[in-house]
Amino acid sequence: MADDMGTRLSPALPGFENIKRAWHGTFETVAARLLPGQYFVTMRDEAIYTTLGSCISACIRDRMSGIGGMNHFMLPLSKEEISLKAGDISASARYGNYAMEHLINVILKNGGKRQNLEAKIFGGGRIITNMTDVGRRNIDFARDYLKTEGIEIASQDVGDIFPRMVVYFPKTGKVKVKRLRSLHNNTIAEQEIEYLSTIETKPVSGDIELF
Amino acid sequence: MNPVIEQMVKGVGGLVTLPDVFIRINQLVEDPDSTVEDIAKAINADPSFTARLLRVANSTFYSFPATVDTAARAATIIGTSQIRNLALSTSISRSFEKLPNTLVSMRNFWMHSLYCGLAARKLARMAGKCDVDAVFTAGLLHDIGELVIFNRIPEEARLALLLVQDSADELTIPEAEQEVMGFNHAEVGAELARHWKLPLMLQECIAYHHDVTKARHFPRENALVHIANILSLMAEVNTYNPDEVAQVDPLAWEITGLLADEVRQQVIEEARVEFIEAEQMFFGTGGQLNG
């Protein structure tokens, strides 16, 4: 990635200035790099990519106008809740709701139409064998959320034992998913655990703007 | 030679040692006056190696028509120089037990190595004109430099892996290592192989499995290991789509005379089938690869 292209990048939508973007030679476009807990929405022809272990990413776009984005989240662990529904108001479900609603709301705020939305979901792998299957909870939640919202899942690649690299092109809806070799398991798990520790100590504020 | 690498390999010298049985057999194979009986005696001195050897000799790995029940018979049928390879292959994971790391589980590391060995052996058989079992050993050992790096400079190793992920695979692992450390795992592995005085073929495959233009004496074997390394990545993530992994250097196909589209899927499929039995043979029942 050429850093010198950074100065020539067109500005991101307000609120996404902190997301790392750079020209990407292979994709032949500007690409935004998401870390756990982040999301990004764009109206331009650019790519969004991330690496997922047990976290999940929803890629959502307006299939008519091409505005769309991606999030990257996981539900914090809690002993009492085995499965979570989109409507749940528990603390951990709120993280999922927060991640999904912010993504959808920003798309709608910038001209996306609810009836045109399509979603693709990725991740939720079981990358550390001796851990409980947190990936599964994240998958179930994302599916349930989208079903409740009436947003069709156009495609998905979830579960199994692999970490994944996902590249999303909201303009066309195209996705490249690459399974990553186990050499990357621990560094990806480390990032996710670090993210988990920040959301567990920092509760979500309750004011989600609903459309 | 890079003094940092030399220092690093010296630093692990006391921790990672070649198995005694390999060193003894190696000396005997090199000694023109030694006999098959001498080698059988050296094998028998290590009962655990004897057991592993007989297990391999009687497995589908070789498919000999008759039962091989003694070390002497194994040495005769398999051949003394093959026994030397087996002594190395069946002990290598034990050699690295004292070199733990937090970046990759030993099971996952050796899983990739074993897939590479099996794929290399298969490719060698298809390509011909090379020592099939020696190429297996080369595949098994190709990444040993990683274990040294992960143990000695874990922070840099972690940064290199993050760089690969951050670049969305524009950077390969050796390129990222080069950027962070100024050298890569293949160079470190090569120094360890030199330090151990491993056969030149193994040294070259460990040193150049990412660069097929560099192996001067064993370009064919090295090209086979280069291809096997990529096919083993595909076996590992369970895909037949070559776009999902690093790219094979087209020169490697040219050197070996193999055609990518003709052999790729078959090699991956057969390596996956052989893996379970091979894992038991080379890493022991319920043993090495559980970690």
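The values are calculated or read from the model by the stated rules, or taken from the named source; none is laboratory data. From a predicted model like this one, the values you see are computed outputs, not experimental measurements. Cβ coordinates were reconstructed from backbone atoms using ideal geometry, including for glycine residues, and neighbour counts include every protein chain displayed. Each accessible area value is taken on the protein alone, full model and side chains, heavy atoms only, with ligands, DNA and RNA left out. Shrake-Rupley method; radii C 1.70, N 1.55, O 1.52, S 1.80 Å.
Pairwise alpha-carbon distances in the protein assembly as shown exceed 42 Å for 27% of all pairs.
Computed from backbone phi, the HN-Hα couplings of the stretch A:175-187 come to 9, 10, 10, 10, 6, 9, 6, 5, 4, 8, 3, 5, 5 Hz, rounded to whole numbers (Karplus: 6.51 cos²θ - 1.76 cosθ + 1.60, θ = phi - 60°; Gly and Pro given as x). The accessible-area loss of the stretch A:16-51 on complex formation, taken against its chain alone with a 1.4 Å probe, reaches 40 Å² or more at A:Arg33. For the stretch B:151-219, relative contact order (Cα pairs under 8 Å, six or more residues apart, normalised by length) works out to 20 percent. Surface analysis of chain B yields an accessible area of 41 Å² per residue, using protein heavy atoms and a 1.4 Å probe. With a Förster radius of 22 Å applied to the C-beta separation of A:Thr148 and A:Lys113, the computed FRET efficiency comes to 0.75. Proximity of backbone amide H atoms, modeled 1.01 Å from N, is registered between A:Ala47 and A:Val30, A:Ala31, A:Ala32 at under 5 Å, excluding neighbours fewer than 5 places apart on the same chain. Taking 0.36 nm per residue of separation and subtracting the current Cα-Cα distance, fully stretching the chain between B:Tyr240 and B:His217 would add 5.1 nm.
When the Cα positions of B:Val148, B:Ala176, B:Leu163 are compared along the charge dipole of the stretch B:100-203, B:Val148 comes out farthest toward the positive end, with charges on each C-beta of Lys, Arg, Asp and Glu.
The B-A contact accounts for approximately 2300 Å² of buried accessible area, totalled over both chains at a 1.4 Å probe radius. For the stretch A:4-64, GluC sites (Glu not before Pro) are listed when DSSP marks them as loop and at most 13 other Cβ atoms sit within 10 Å of their Cβ; the list is A:Glu17, A:Glu28. Cross-link partners of B:Lys214 among lysines, defined as those whose alpha carbon lies under 29 angstrom from its own and excluding same-chain residues fewer than eight positions apart: B:Lys10, B:Lys122, B:Lys129, B:Lys197. What would the Debye equation give as log₁₀ I(q)/I(0) for the stretch B:1-79 at q = 0.18 Å⁻¹, counting only Cα atoms as equal point scatterers? Treating every Cα as an identical point scatterer, log10 I(q)/I(0) equals -0.78. Computed from phi, the 3J(HN,Hα) profile of the stretch B:146-163 under the Karplus parametrisation 6.51, -1.76, 1.60 (θ = phi - 60°) reads 4, 5, 5, 4, 4, 7, 8, 10, x, 5, 5, 4, 5, 4, 4, 5, 5, 4 Hz, with x in place of Gly and Pro.
Rank B:Asn238, B:Met201, B:Leu259 by how far each Cα sits towards the positive end of the charge dipole of the stretch B:172-264 (+1 on Lys, Arg Cβ; -1 on Asp, Glu Cβ) and give me just the farthest. So the residue furthest toward the plus end is B:Met201.
Taking the accessible area of the stretch A:21-63, probe 1.4 Å, and keeping the other protein chains in place, the carbon and sulfur fraction comes to 48%.
Of all aspartates and glutamates in the structure, those lying under 18 Å Cα to Cα from A:Lys113, and not within fewer than 8 positions of it along the same chain, are A:Asp62, A:Glu101, A:Glu149, A:Glu152, A:Glu209.
Summarising the amide proton neighbourhood of A:Lys20: residues at separation of 5 or more, or on other chains, whose placed amide H is nearer than 5 Å comprise A:Arg33.
Every Cα-Cα pair of the stretch B:189-275 was included, and the share exceeding 17 Å stands at 50 percent. Whole-Hz Karplus values for the stretch B:256-266 come out as 7, x, 8, 10, 3, 5, 7, 10, 3, 5, 4 Hz, taken residue by residue from phi with 6.51 cos²θ - 1.76 cosθ + 1.60 and θ = phi - 60°; glycine and proline positions read x. The helix-only estimate of mean residue ellipticity at 222 nm for the protein assembly as shown, built from DSSP H runs of length n ≥ 4 each weighted as -39500 (n - 2.57), is -15500 deg cm²/dmol after division by the residue total. Under a model in which nothing but the beta-carbon of Lys, Arg (+1) and Asp, Glu (-1) is charged, the protein assembly as shown shows a dipole of about 720 debye around its Cα centre. Comparing each chain alone with all protein chains together (probe 1.4 Å, DNA, RNA and ligands left out), the residues of the stretch B:168-192 losing at least 20 Å² of accessible area are B:Ala168, B:Asp169, B:Glu170, B:Ile173. The slack in the chain from B:Leu251 to B:Glu37, taken as 0.36 nm per residue of separation less the alpha-carbon distance, amounts to 72.7 nm.
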